[in-house]
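Student: Quick one: the structure is below, questions incoming.
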Amino acid sequence: SRPGDVWPPKSKVWTAGKQRSAGGSGVKAMSPKPEGCTKLFIGNLSYDIDDEGITKFFGNVDAEIKAVRWISHKDTGDFKGVGFVEFWNTEACEKAATLNGKTLLGRPIRIDWDASNVN
């Protein structure tokens, strides 16, 4: 820690002249949706997540998954807590995106559009 740091943090902090909640609470807004997008980035995942768990999670909004790619450290092979989920069509992808910030295995999942592989 740095000199002057207070732990635990106060319930409110001042950042850039505005009072905000401490601890990074809230859901990060998604980037603009690319046209034809069928793939989502998913982050802040529990290390206990698996294909079945993510399929059930998105199944709650009738978003059928085509493929899942989990990201691992290139040297150690350790799961990094993020991945990409591809859906069969843009409608399913849009339904899945509505789950941004929802809790999965005790953690608020971070979802964003993946613009790197637009149809």
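The values are calculated or read from the model by the stated rules, or taken from the named source; none is laboratory data. The structure displayed is predicted, hence computed values, not measured ones. Neighbour counts are summed over all protein chains in view; Cβ atoms, including those assigned to glycine, are modelled from backbone coordinates with ideal geometry. Surface accessibility is based on the protein's heavy atoms, side chains included, excluding ligands, DNA and RNA. Shrake-Rupley method; radii C 1.70, N 1.55, O 1.52, S 1.80 Å.
Student: Only one residue in I71, I49, I54 is in a strand (DSSP E or B) and surrounded by 13 or more Cβ atoms within 10 Å (Cβ to Cβ). Which one?
Tutor: I71
Student: Has segment 79-102 got at least one residue that is at pLDDT below 95, open to solvent by 70 Å² or more (accessible area, probe 1.4 Å) and outside any strand (DSSP E or B)?
Tutor: no
Student: Between a residue in segment 76-103 that is within 21 Å of G36 (Cβ to Cβ) and any residue that is exposed (fewer than 15 other Cβ atoms within 10 Å of the Cβ) and of a type in the set (V, I, T), which pairs come within a Cβ distance under 9 Å, given they are 6 or more apart or on different chains?
Tutor: Note: pairs meeting the criteria are A92/V61; K95/V61; A96/V61; T98/V61; L99/V61; N100/V27.
Student: May I ask you to list pairs of residues, at least six apart or on different chains, whose Cβ atoms are under 7 Å apart, with the first in segment 48-65 being of a type in the set (S, T, Y) and the second being surrounded by 12 or more Cβ atoms within 10 Å (Cβ to Cβ)?
Tutor: Pairs found: T55/I65.
Student: All but one of (1) over 22 Å from K28 (Cα atoms); (2) assigned to a strand (DSSP E or B) hold for I111, so report the exception by its number.
Tutor: All conditions pass for I111, except number (1).
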